[in-house]
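Here is the structure we will look at.
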Amino acid sequence: MWGSLPATFVKGFHDEEQVRRMEYRQLGSTGLRVSKIALGGATLSKLFSDDFDHEEGIRTVQEAIRSGINYIDTAPFYGQGKSEELLGQALKDVPREAYYIATKVARYELDPRKMFDYTAAKARESVKRSLELLQLDRVDILQVHDVDAAPSLDMVLNETIPVLEEYVQAGKARFIGVTAYDVDVLKECAERGKGRIQVVLNYARYTLLDNTLLRHMKAFQEMGVGVVCAAAHSLGLLSNAGPQSWHPGSPELLAVGKRGAEVCQQRNVELGKLAMYYTMQLDGAATFLIGIPNRKLLRINLDAVFDGLTPHEQEVLQYLRENVFTKSYSWGSTLSTVNMFK
């Protein structure tokens, strides 16, 4: 059954049929009603692929929003500003009321020695630059990137977040969020910042490989924070193409992902679609954030949202769950991902 139109619907811009087919959910206590699938900005740069096509990326963003995706997430770290710059170019031709956009502070450079900076001065400078690159006078959500890599949560709560609160008070942002790979640190930060933090983003912790996010889902819901569940593909591992050479997974984990991809290739199925479909069955998350660098992948993922899996794809997914992805894996911590960019 088709749903009602969200507040972000713009007649004459959107594909109304697709927007009505999209599911929209409340993002915690923010009042924002966001699309079940969200557009991740990491792949809108060369962070994941040197072959990234800038113009195709722009067209993908525009088609995604027309198709009913109304939540976009980016960060200065993604291409060292290139993702935000591309979004600025893409969104020039999109009505501002048609989408919600989130960006981040605290993670910046590829060099591990300069990657993280949680100081107030850097956060202030970062938000100013993000708004310039995005060509916007405000964003909807400002997030502290990877709080599990911070020197301490005290610094996040007492130095970084107060700067974001300044931007909220000035009307340059509406809500504040925190992101992390480590679900325990994410929960602690949300609890200590209760009332100040409205959104949490966790990545690669509810996938065919890892269900750790379930540990604290109830707690997040009880706190009234919106949960953004990101990286259903586990940074490219759960796809037929496979991950980049820098993927932080253990040899065992990489071997399991490769086996899954081989099974899907043999059966003429895209593992990425199965992975996305599986993750989207998680109760409690407001939106599922995925990197979509081109329109082909956009359509595959929209197909998973709108039409689910074919009987053949369901059979392959069941086979994978019973024979390949038989336990939960973790690659350690956010800090273990730092070396991947050396």
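Just so you know, in region 10-55 the residues that are charged (D, E, K, R) and either within 14 Å of the chain's Cα centre (by Cα) or closer than 19 Å to Gly284 by Cβ (or both) include one that is surrounded by the fewest Cβ atoms within 10 Å (Cβ to Cβ), and it is Glu23. Residues in region 287-309 that are aliphatic (A, V, I, L, M) and not in a loop (DSSP other than H, G, I, E, B) were compared, and the one that is surrounded by the fewest Cβ atoms within 10 Å (Cβ to Cβ) is Ile300.
For region 90-99, filtered to residues that are in a loop (DSSP other than H, G, I, E, B) and of a type outside the set (A, V, I, L, M, F, W, C), the residue that is most open to solvent (accessible area, probe 1.4 Å) is Lys92.
What's the number of the only condition in (1) open to solvent by 50 Å² or more (accessible area, probe 1.4 Å); (2) farther than 18 Å from Ala42 by Cβ that Leu110 fails to meet? Here Leu110 clears every test but (2). Among the residues of this structure, Gly242 counts as one that is closer than 26 Å to Val61 by Cα, in a loop (DSSP other than H, G, I, E, B) and in contact with a Lys or Arg (Cβ under 8 Å, 6 or more places away or on another chain). Selection of region 121-131 for residues being open to solvent by 20 Å² or more (accessible area, probe 1.4 Å) and either farther than 16 Å from Arg96 by Cβ or among the small types (Gly, Ala, Ser) (or both) yields Ala121, Lys122, Arg124, Glu125, Lys128, Arg129.
So that you can scan it fast, the table gives a plain yes or no per residue for (1) of a type outside the set (Lys, Arg); (2) over 23 Å from Val34 (Cβ atoms); (3) crowded, with 24+ Cβ neighbours inside 10 Å:
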site: Phe116; (1), (2), (3): yes, yes, no
site: His145; (1), (2), (3): yes, no, yes
site: Asp148; (1), (2), (3): yes, yes, no
site: Leu153; (1), (2), (3): yes, yes, no
site: Glu166; (1), (2), (3): yes, yes, no
site: Arg196; (1), (2), (3): no, no, no
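Gly177: in contact with a Leu (Cβ under 8 Å, 6 or more places away or on another chain), open to solvent by less than 70 Å² (accessible area, probe 1.4 Å) and closer than 25 Å to Tyr118 by Cα, yes or no? So Gly177 passes the test. Examine region 50-68 for a residue that is under 20 Å from Phe13 (Cα atoms) and touching a Ser or Thr at 6+ places or on another chain (Cβ under 7 Å), and state whether such a residue exists. Checking region 50-68: at least one residue is under 20 Å from Phe13 (Cα atoms) and touching a Ser or Thr at 6+ places or on another chain (Cβ under 7 Å). Within the set Arg96, Arg107, the sole residue that is free of Cβ contacts under 8 Å to residues at least 60 places away in the same chain and within 27 Å of Gly31 (Cα to Cα) turns out to be Arg96. Scanning region 310-327 for residues that are surrounded by fewer than 13 Cβ atoms within 10 Å (Cβ to Cβ), outside any helix (DSSP H, G or I) and not basic (Lys, Arg) gives Thr310, Thr326. Of all residues in region 1-32, those satisfying the criterion of being within 30 Å of Phe77 (Cβ to Cβ) and in contact with a Ser or Thr (Cβ under 8 Å, 6 or more places away or on another chain) are Pro6, Met22, Glu23, Tyr24, Arg25, Leu27.
The residue that is farthest from Gly236 (Cα to Cα), among those in region 211-225 that are touching a helix residue (DSSP H, G or I) at 6+ places or on another chain (Cβ under 9 Å) and part of a loop (DSSP other than H, G, I, E, B), is Val225. Summed over region 260-286, the residues that are more than 25 Å from Leu87 (Cα to Cα), assigned to a helix (DSSP H, G or I) and touching a Leu at 6+ places or on another chain (Cβ under 9 Å) give a count of 11.
Matching residues to (1) modelled with pLDDT under 95; (2) under 21 Å from Cys229 (Cβ atoms); (3) not in a helix (DSSP H, G or I):
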position	(1), (2), (3)
Leu131	no, no, no
Glu159	no, no, no
Glu166	no, no, no
Cys189	no, yes, no
Val200	no, yes, yes
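The values are calculated or read from the model by the stated rules, or taken from the named source; none is laboratory data. Nothing here was measured: the structure is a model prediction, and the numbers come from that model. Here Cβ is always computed from backbone atoms with ideal geometry, including for glycine, and neighbour counts include all displayed protein chains. Accessible surface areas use protein heavy atoms only, side chains included; no ligands, DNA or RNA. Shrake-Rupley method; radii C 1.70, N 1.55, O 1.52, S 1.80 Å.
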